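Here's the structure we're looking at; comments come further down.
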Amino acid sequence: MSLILYWINMEIIPKSIHLINKTNEVHEKYQEYLASIRRLHPHWNIKIYDDIEARGIVALEMPEILKTYDSYEWDIQRADLFRLIVVYLYGGFYMDLDMLCLRNMDDLCHNRLVLGEEKTMTSDECRAFGLKHELRIANYMFGAIPRHTFLISVINTIAEANHIKITKEDDILESTGPGLLTRVYHQQKKKYDDITLLFNKGQKCMKWCDTFSCHFGDYAAHFHHGNWRWENK
């Protein structure tokens, strides 16, 4: 019997794409996006996690986080946390199901941590919305090597913020979503010399934002099909 040893190179991002869906049946509105991911990444490992499998991974691999994970009132908060956990544990790229893939990501795998600009706000917008940082970091797509310490910092910050009471959409953004990710990025970016940040480079949102936003560099575009919102549908 031959012994096959599997070795993971911790210095490059694995060719894996992680997706999250409530059940194992993907709604037809996401099929076009899913097809674009598969078409441009024919040799990648593409995995969709449903709610049951996601919780099982958290319980097995990070049981210290399970109480926080189960405590959330909103499913989107669990999805926000799990996307970070799965990339931290296994490496690869997380993508929302409503990301339209525009090009193959093989060349991105030579990085250690890849984040994307969601949007750069004006100073007036920051004042109006009470935001501290003009550059917003997206959580609809990101990638990393397994066990990158930046991701565990974000996970721990989310766990510490679980006392935030959710009364409006912004509370979710700031407790588990891109608001929190943005805050940790600006607090810790000087600690890391291996963060690759992709900018929108003049690409306008392809849905309704009417700004240079909502892309992951030249690689994908976000189409805002998330149905968790109740204020800004």
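Note on region 20-37: residues that are in contact with a helix residue (DSSP H, G or I) (Cβ under 9 Å, 6 or more places away or on another chain) and open to solvent by 50 Å² or more (accessible area, probe 1.4 Å) amount to 3.
Scanning region 38-77 for residues that are open to solvent by 40 Å² or more (accessible area, probe 1.4 Å), part of a helix (DSSP H, G or I) and under 27 Å from Leu108 (Cα atoms) yields a total of 4. Total residues in region 1-44 satisfying the condition of being modelled with pLDDT of 95 or more, in contact with a Gly (Cβ under 9 Å, 6 or more places away or on another chain) and among the β-branched types (Val, Ile, Thr): the figure is 2.
Restricting to region 157-177, and then to whatever is among the polar types (S, T, N, Q) and part of a helix (DSSP H, G or I), can you tell me which residue is farthest from Leu66 (Cα to Cα)? First the steps, then the outcome.
From region 157-177, those among the polar types (S, T, N, Q) are 157, 162, 167, 175-176; that's our starting set.
Next cut, part of a helix (DSSP H, G or I) only: 157, 175.
On the way: Thr157: 15, Ser175: 16 Å.
Step by step, filter region 157-177, then rank; the result is Ser175.
Taken together, Arg147, Arg183 contain a single residue that is open to solvent by 10 Å² or more (accessible area, probe 1.4 Å), among the charged types (D, E, K, R) and part of a loop (DSSP other than H, G, I, E, B), which is Arg147. Against the conditions (1) surrounded by 22 or more Cβ atoms within 10 Å (Cβ to Cβ); (2) outside any helix (DSSP H, G or I), where does Val86 fall short? Just the number, please. Every listed condition holds for Val86 apart from (2). Quick check on region 167-174. Is at least one of its residues free of Cβ contacts under 8 Å to residues at least 24 places away in the same chain, among the polar types (S, T, N, Q) and surrounded by fewer than 17 Cβ atoms within 10 Å (Cβ to Cβ)? Yes, there is a match, as at least one residue in region 167-174 is free of Cβ contacts under 8 Å to residues at least 24 places away in the same chain, among the polar types (S, T, N, Q) and surrounded by fewer than 17 Cβ atoms within 10 Å (Cβ to Cβ). Any residue that is assigned to a helix (DSSP H, G or I) and open to solvent by less than 40 Å² (accessible area, probe 1.4 Å) - is there at least one of those in region 101-117? Yes: region 101-117 contains one or more residues that are assigned to a helix (DSSP H, G or I) and open to solvent by less than 40 Å² (accessible area, probe 1.4 Å).
The values are calculated or read from the model by the stated rules, or taken from the named source; none is laboratory data. Predicted model, so just to flag it, every value in this text is computed and none were measured. Quick reminder, even Gly has a Cβ in these numbers, built from the backbone with ideal geometry, and neighbours come from all protein chains shown. Heavy atoms of the whole protein, side chains included, go into the accessibility calculation; ligands, DNA and RNA do not. Shrake-Rupley method; radii C 1.70, N 1.55, O 1.52, S 1.80 Å.
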